[in-house]
1. One quarter of the convex hull surface, Cα atoms only: what value does that give for segment 122-235 in nm²?
2. Count charges around Gly413 for me, please; just the other residues with Cβ under 12 Å from its Cβ, Lys/Arg as +1, Asp/Glu as -1.
3. Residue-wise, which Karplus ³J(HN,Hα) couplings in Hz belong to segment 462-477, taking 6.51 cos²θ - 1.76 cosθ + 1.60, θ = phi - 60°, and x for glycine or proline?
4. Of the heavy-atom accessible surface of segment 88-192 (probe 1.4 angstrom), what whole percent is carbon and sulfur?
5. May I ask for the Rg/Rh ratio of segment 157-297, computed from Cα atoms with Rh as the Kirkwood radius, given to two decimals?
6. Which whole-Hz ³J(HN,Hα) couplings does segment 346-351 yield from phi under the Karplus relation 6.51 cos²θ - 1.76 cosθ + 1.60, θ = phi - 60°, glycine and proline marked x?
7. Roughly how many debye, to the nearest 20, is the charge dipole of segment 150-265 about its Cα centre, given +1 on each Lys and Arg Cβ, -1 on each Asp and Glu Cβ, and no other charges?
8. From the backbone phi of segment 66-83, what are the Karplus-calculated ³J(HN,Hα) couplings (6.51 cos²θ - 1.76 cosθ + 1.60, θ = phi - 60°) in whole Hz, Gly and Pro given as x?
Amino acid sequence: MNTGVSTSTDKNIVDKSRSHRNAAVSKAVRATRERLQAGPSNASGFDREMLALHIDTMLQGAIAMPLFVIFVSAVGVHLSQSLDFVAWGMMALCVHAIGILLARRAKNQDIPTEKVSQWRRRFLIVQLIMGLCWAAFIMQDCNSCGETDFGFYKGAVLLIALAATAMGTFLLRNALLITFIPVIFALGGLTVKSGNPGYMALTAVLSTSLVFLVFMTNRMYRSNVHILSVQAEKDDLIAELEVAKSMSDEARRRAEEANLAKSRFLASMSHELRTPLNAILGFSEVMSTEVLGPLNNPIYKEYTGDIHRSGQHLLDLINEILDLSRIEAGKYDLNEEAVHLAEITEDCIGMVQLRARTKNITITEQFETAMPSVWVDEKAMRQVILNLLSNAVKFTPSGGEVSVKVGWTAGGGQYLSIKDNGPGIPEEEIPVVLSAFGQGSIAIKSAEQGTGLGLPIVQAILAKHNGDFILRSKLREGTEAIAILPSKRVLQSIPAIEDAPAVERRRKSFA
């Protein structure tokens, strides 16, 4: 037994084996929405991202700190005339190199979330060792230079180092504090040991600067966390929109396939239904008119009339359904030509006049004169006018009146207005009667209720002509249907060209 999935368009409409696509997409939407709603809202949720940003910052500014250390060592050797600063510089450069190697190793690895704290501790240890190097720098002494000048030099170097460290490590929490706590303790020890007011002032300035910069780096850290949070929410929203778009595309595809299947079904069924219907209508008409001889029982003749009317009603219904489906599928082609709206309106009035007289309904006409032709499909416009006139006559009570007007619109177009004094339509039911198979409460109660396709077909045909359809109604006052054609459908007449003198033919010269 073949268990494969059919690839035909009609089969795909009801193929239950394809429902797993929608289930997977719906599951993805739910997962994305939950991740968006329950996403990380604190700093701990972005430790991995912040560590990666810190590593990138270290690698991008890897050359800055060595240059600064070399400059500080050179100035220190110049001032103290001692090679102690060279040893200090070599030690600081080694610590910095260890930090860069550690950053490159972390960059080459995909750090998992559970190891983020471990790598963070490693970088903090490197910063602590660098802080010990700066503490060793503050312990350097110069016997050959003035105490004030050398203290100013060390204070300036420490403040620059503090600012540089703050800018380079604000993405690593508590790095600045861990780096310069040893320096503060070293300065405090020198102040207590020497009692020098310069060291006391430098300790106060450096401590105040450290507190301020720690506060600022924390603010910068939280700002970056907020930026990452917003970016994560944006990515989640984009993912949800993409998933929703895929669902919409899938639904649109299935709707198009369903519409195609409906069109195929109606196209095939129209032939299958019309063939027996034509036979039923023809034979019932022959029997009711007694062409081949009288019917002995008059009830049989009544039955044949009922069969003919029912068959005609069914055929009209099939034709209306096919017209509406063709319009919706975009297969309704217009055969446009120049016609006079007033003339075809008069023809349509003559077609419904007999039915109106049987109900004692008066049809009045009010047409503007000398109106130019319009560029429309004559057959389609006749269908519009006949549908509107039939509705007006159908729902107007005996002794009523139907008013038909043809004239100009304010925008230069032409309009057709058909107004009756029937029972009207409740205002809240107007959208219902304009929908396919929609019928108002008055139509349902009426003995002449139709299929509910007349007005939707009118609306669709006018839309194909770039026109508009307006339905106005008040309960117990009547209904007015207005069909409007735009100004670009109106053919303006061109005045005759005056006779001009003939142009004399020029002779060609071959000389």
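1. Quarter of the Cα hull surface area: 7.5 nm².
2. It works out to a net charge of +1.
3. 3J(HN,Hα) across segment 462-477, in whole Hz: 5, 5, 5, 8, 6, x, 10, 10, 10, 10, 10, 7, 10, 4, 6, 10.
4. Heavy-atom surface of segment 88-192 belonging to carbon and sulfur, 1.4 Å probe: 66 percent.
5. 1.88
6. Calculated HN-Hα couplings, in order: 4, 4, 5, 4, x, 6 Hz.
7. Working: 12 positive and 9 negative charges, 58 e Å.
Rounded to the nearest 20 debye, it is 280 debye.
8. x, 4, 5, 5, 5, 5, 5, 5, 5, 5, x, 5, 5, 6, 8, 6, 9, 8
The values are calculated or read from the model by the stated rules, or taken from the named source; none is laboratory data. No experiment lies behind these values; they were computed from the predicted model shown. Cβ: placed from backbone, ideal geometry, glycine included. Neighbour counts: every protein chain shown. Areas reflect the complete protein model, heavy atoms only, side chains present, ligands, DNA and RNA absent. Shrake-Rupley method; radii C 1.70, N 1.55, O 1.52, S 1.80 Å.
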